[in-house]
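Novice: Dropping the structure in here first, questions after.
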Amino acid sequence: MNLLSTIQIVIFFLGTILLVYISRKSLLNFQVHGFYRFFVFEFTLILLLLNIPHWFDYPFTLQQIVSWILLFISLLLLVQSLYFFKKYGDTKQRGDNEANFEFENTISLIQEGIYKYIRHPMYGSLLFLALGAMFKNISIISVSLTAAAIIFIVLTAKIEEKENINFFGSDYKSYMKRTKMFVPLII
């Protein structure tokens, strides 16, 4: 085993311990979106660690260019979503889901900026991150991990939408009709 493999294994275990710790409330309840989000994070962590040695291989090939574009979109979605989440989210303890991270407990339905077009830009960011990481080194393992991550991203979003319908009611149902789930005009 070489040094890189050892570092990857150590980061995997430390990352998993951290993810279990921050998801501990959600992991006790498979009916909340955080339960499924844990697996998104875990599959994405594995994917990133497996493909990190290939991050800069053949930098000007079409595969690497596509990868960097997907990773840039991931970052853009994350920054946009966090900005509008903080600006319009009006975070308070809602009481409807104690397993949520504190910042998730918004009492205002955000419909500005990126949220005007997609309901789940943070999950969209994770989707593009997984795809971008997969393109760094396309293999059966990386495609399988990406597929698993995408399945759990969709499950996470679907469960969260049920939670949002329960809290926001018909306003959220109306919002769902006007927006896409992850990618404007497409998904």
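Novice: Region 1-57: D in µm²/s via Stokes-Einstein (Kirkwood Rh, Cα pairs, 37 °C, 0.692 mPa s)?
Specialist: On the way: Rh = 12.3 Å.
Answer from the Stokes-Einstein relation: 266 µm²/s.
Novice: Next question, about the same structure. Using every Cα-Cα pair within the chain, state what percent have a distance larger than 29 Å. Intermediate results must be reported in sequence, preceding the final value.
Specialist: Details: 4344 of 17391 pairs.
In whole percent, the long-distance tail amounts to 25.
Novice: Between residue 185 and residue 17, what length comes free when the chain is fully extended (0.36 nm per residue of separation minus the Cα-Cα distance, one decimal in nm)?
Specialist: Values: separation 168, 0.36 × 168 = 60.48 nm, distance 3.74 nm.
Length gained between residue 185 and residue 17: 56.7 nm.
Novice: Just check region 124-164 against the gyration tensor rule for me: Cα atoms, a ≥ b ≥ c as the square roots of the eigenvalues, rounded for a/c under 1.5, and otherwise prolate or oblate depending on whether a/b exceeds b/c. Please list the in-between numbers first.
Specialist: Numbers: a/c = 6.59, a/b = 2.35, b/c = 2.80.
Here region 124-164 falls in the oblate category.
Novice: Anything in the chain that counts as a DSSP H helix reaching 24 Å or more along its axis (C-alpha) with Kyte-Doolittle mean of at least -1.0? List them, would you? Mind dumping the intermediate values first?
Specialist: Values: long enough: 3-22 (28 Å, 2.41); 33-51 (27 Å, 1.29); 62-88 (38 Å, 1.35); 140-168 (41 Å, 1.20).
Qualifying helices, which must be both long enough and hydrophobic enough, are 3-22, 33-51, 62-88, 140-168.
Novice: Trypsin sites (Lys or Arg not before Pro) within region 1-84: which are DSSP loop residues with at most 13 other Cβ atoms inside 10 Å? Mind dumping the intermediate values first?
Specialist: Working: sites: 24, 25, 37; in loops: 24, 25.
Passing sites in region 1-84 are 24.
We did not get these values from a lab; they are worked out from the coordinates using the rules stated. For clarity, every value in this text was computed on a predicted model and none was experimentally measured. Don't worry about glycine lacking a Cβ; one is built from the backbone with ideal geometry, like all the others, and counts go over all protein chains shown.
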